[in-house]
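So the structure is just underneath, and the comments pick up after that.
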Amino acid sequence: MEKIKIGIFGGTFNPVHIEHVNLVKAAMEELGLTSVIIMPSAKTPGKTGKTLASDEDRLEMCRLAFDKPNMKVSSFEIDGGGISYSYKTCEYYAKQYPFAEFYLIVGGDRVEDFHTWKNPERILRSAKLAACAREDDAKFALAVERFREKFGDRIVTFPYVGEKVSSTRARVLAGAGESVLDLVPQKVAKYISDKLVYFHKTWADVKHFLKPERWQHTLRVCFMTAENCSRIGWPEKDALTCAMLHDGAKYLSLASPYLSGFKPPENVPAAVMHQYTGAYLASTYFGVRSEKILHAIAYHTSARPEMSPEEILIYLSDMLEEGRTFPGVEELREIFYEDMQKCLYVALKHQVEYLKKQGGEIYPLTYEAYEYYKAIYES
């Protein structure tokens, strides 16, 4: 009799996207799995601060995405509450089905950090790790080798090269009322739209203040902000509110009724003024009260000395979002992912040197910021 082989595929699924589904299909085919248990987590270590759909919504979205007889969505971890740990889940199902062989399905990037998981040895006593291998991925091959040195042969790999799809980006688009059909299964996209999962009226409303190309820029700034806000401990919802609103007043004249009562600072270049009017609009029209958000909007073009981590993130996300193509942008992006503050300094240095060379006007606050960070990095 052929042994029953059951896969367990866990995650936040916030929301479940098309690559989650494709990965499970690949694992089933390549490993000959009898069935797969889809396991939405309650709370996941390391993912605090992210906007989280309700447990009911995440379960239902998974049911819609994995609507196959040999794929079962389980509420085991959600029902247990608290932080979800894979070792508890694997041990539970190993006891429920003692004659089955279990495989914990993970993306290839999780092999490298598996040793940091809670009780990894206990996971491997109940299940093998099943990791997808991208073609010619030397980093993955090295991670598997190190895994085997530490844990033995309790790992199998299967070939799968998927597209780059992000739940974070899906949340950004859904929050702004945009379509997520390119990122999630069709039934899930409809559910998100019908139920307004992740939707924030403020985020959607700012679109009416912007030209189409500026709206697309705003979404790209949001992607970069959302993907990096956890590095500075900034809750995703707050970070995205700031990123969504940062250019909100870009096309408003000072005579606009939306800016009634605004007193512009003196001697501000036209290209810089929208950071101040943007903060005013965010406060008076959109009702933002957070000083972190308002300050990050107010200095996202000029920068200033002693910027907060939130201000630095918005400034750099605005400058380095994936649509930017100016000379040196790739170098700056590399520095950004290593050290945000150092990236800020290098960016200011490039900007000041370029303006000096071109004979352009340097806004005094920008030059003050440059001098401040120059003293830190060149002293």
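Condition check ((1) of a type in the set (G, A, S); (2) at positive phi) across all residues:
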| position | (1), (2) |
| --- | --- |
| Y280 | no, no |
| S290 | yes, no |
| E306 | no, yes |
| P309 | no, no |
| F326 | no, no |
| I335 | no, no |
### Summary
Of the listed residues (Y87, Y103, Y93), the one being at pLDDT 95 or above and either among the small types (G, A, S) or in contact with an Asp or Glu (Cβ under 9 Å, 6 or more places away or on another chain) (or both) is Y87
### Residue satisfying all of: in the range 127-144; under 19 Å from M28 (Cα atoms) and either small (G, A, S) or not in a loop (DSSP other than H, G, I, E, B) (or both); most open to solvent (accessible area, probe 1.4 Å) among these
K128
### Flag for L124 being open to solvent by 10 Å² or more (accessible area, probe 1.4 Å), assigned to a helix (DSSP H, G or I), hydrophobic (A, V, I, L, M, F, W, C) and more than 30 Å from E60 (Cβ to Cβ)
yes
### Query
Would you pick out the residues in the range 347-367 that are more than 18 Å from L316 (Cα to Cα) and open to solvent by 90 Å² or more (accessible area, probe 1.4 Å)?
K356, K357, Q358, E361
### Message
Need pairs with beta-carbon distance below 6 Å; first residue closer than 15 Å to A189 by Cβ and within the range 49-68, second open to solvent by 50 Å² or more (accessible area, probe 1.4 Å); sequence gap 6+ or separate chains.
### Response
L64/K187
### Message
Just to be sure I understand, how many residues within the range 216-266 are of a type in the set (G, A, S), part of a loop (DSSP other than H, G, I, E, B) and either in contact (Cβ under 8 Å) with a residue 60 or more places away in the chain or open to solvent by less than 10 Å² (accessible area, probe 1.4 Å) (or both)?
### Response
3
### A279 being open to solvent by less than 50 Å² (accessible area, probe 1.4 Å), within 22 Å of L365 (Cβ to Cβ), within 22 Å of the chain's Cα centre (by Cα) and touching a residue at least 12 places away in the same chain (Cβ under 8 Å)
no
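The values are calculated or read from the model by the stated rules, or taken from the named source; none is laboratory data. What you see is a predicted model; the values in this text were computed from it and never measured. Cβ sites come from the backbone with ideal geometry, for glycine too, and all protein chains shown count toward neighbours. Only protein heavy atoms, including side chains, enter the accessible area calculation; ligands, DNA and RNA are left aside. Shrake-Rupley method; radii C 1.70, N 1.55, O 1.52, S 1.80 Å.
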